[in-house]
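Every read-out reported here was derived from the displayed coordinates using simple, explicitly stated rules and does not represent laboratory data. A quick note: this is a predicted structure, and the numbers were derived from the prediction, not measured. Virtual Cβ from ideal backbone geometry, glycine too; neighbours counted across all protein chains shown.
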Amino acid sequence: MEVVTLAPYAWFAEWDGTRWKRRGEGYDARKKDLSERLLEALYDQCPQLRGKVAFQELSTPLSTKHFANYVRGEIYGLEHTPMRFEQKWLRPRTPIKGLYLTGADVSSAGVAGALFGGVLTVSSILLRDMVGACTKRAKALKKVAPLAEPERAATAA
Ligand SMILES: Cc1cc2nc3c(=O)[nH]c(=O)nc-3n(C[C@H](O)[C@H](O)[C@H](O)COP(=O)(O)OP(=O)(O)OC[C@H]3O[C@@H](n4cnc5c(N)ncnc54)[C@H](O)[C@@H]3O)c2cc1C
């Protein structure tokens, strides 16, 4: 089970530059405090889980910075402002021959955004409309193997 909340980078900035797992007692105390508050929020929603959590771990913007190299630990990548979507350079094709960008930052946030970023990049490389090709393929697959009722309900939701 995953609990996600908003956490400004400023709450952790003083420990930027410290090493993973060796950030010091102050950082550990802040994590402990946040963990307890998040668990309380979880128990508010799912009281049956109180006393049943065998293991929990908290990551912070510094964890995301350490593992994924996002400058301020922003788990959803670049800020979703109008300015971001106006950037002409934020697209798969770059001025450097053979160098393409991909992932969520050339598309939109999250796993679905990253997947779509991949489709856009393949379209740029192959000079083919892969969005259209994927849609066509999905329609063909539906005809061959229609979704079972629970899957259909999940797709419609
Ligand atoms: C804790 C957490 C929970 C999340 N939960 C959800 C969720 O529930 N649903 C959802 O849709 N999204 C979620 N996200 C967001 C989602 O994971 C990202 O939007 C998505 O992974 C972005 O995919 P990407 O391929 O663009 O980038 P990434 O998955 O970040 O991949 C970029 C890769 O590049 C590597 N890299 C970075 N810099 C360099 C470099 N200089 N040299 C070499 N390699 C480098 C990184 O190590 C990383 O492997 C979550 C993210 C986090 C951190």
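Quick notes
- Relative to the Cα centre, the charge distribution of segment 82-156, modelled as +1 at Lys and Arg Cβ and -1 at Asp and Glu Cβ, gives a dipole magnitude of about 320 debye.
- Normalised contact order of the chain, rounded percent, pairs of Cα under 8 Å and 6 or more residues apart: 12 percent
- For segment 6-69, the list of trypsin sites (Lys or Arg not before Pro) that fall in a loop by DSSP and count at most 16 other C-beta atoms within 10 angstrom reads LYS21, ARG50, LYS52.
- Contact order for segment 82-156, expressed relative to its length and based on alpha carbon pairs under 8 Å spaced 6+ residues apart, stands at 17 percent.
- Considering only THR94, HIS66, TRP15, and ranking their Cα positions along the charge dipole of the chain that arises from unit charges at the beta-carbon of Lys, Arg, Asp and Glu, the one farthest toward the positive end is THR94.
- On the beta carbon distance between ASP33 and ASN69, with R0 = 25 Å, the FRET formula returns roughly 0.40.
- Calculated FRET efficiency for the pair THR5/ALA112, C-beta based, R₀ 25 Å, to 0.05: 0.75
- For TYR100, residues with placed amide H under 5 Å, excluding near neighbours: none
- For the chain, the C-alpha radius of gyration sits at 1.40 times the compact-globule guess of 2.2 N^0.38 Å, with N the residue count.
- A simple spin-label model places pseudo-atoms 7 Å from Cα toward Cβ; at ASP16 and GLU149 they are separated by 5.4 nm.
- Violating pairs (Cα-Cα greater than 28 angstrom) within the set LYS31/LYS52; LYS21/LYS52; LYS97/LYS139: LYS97/LYS139
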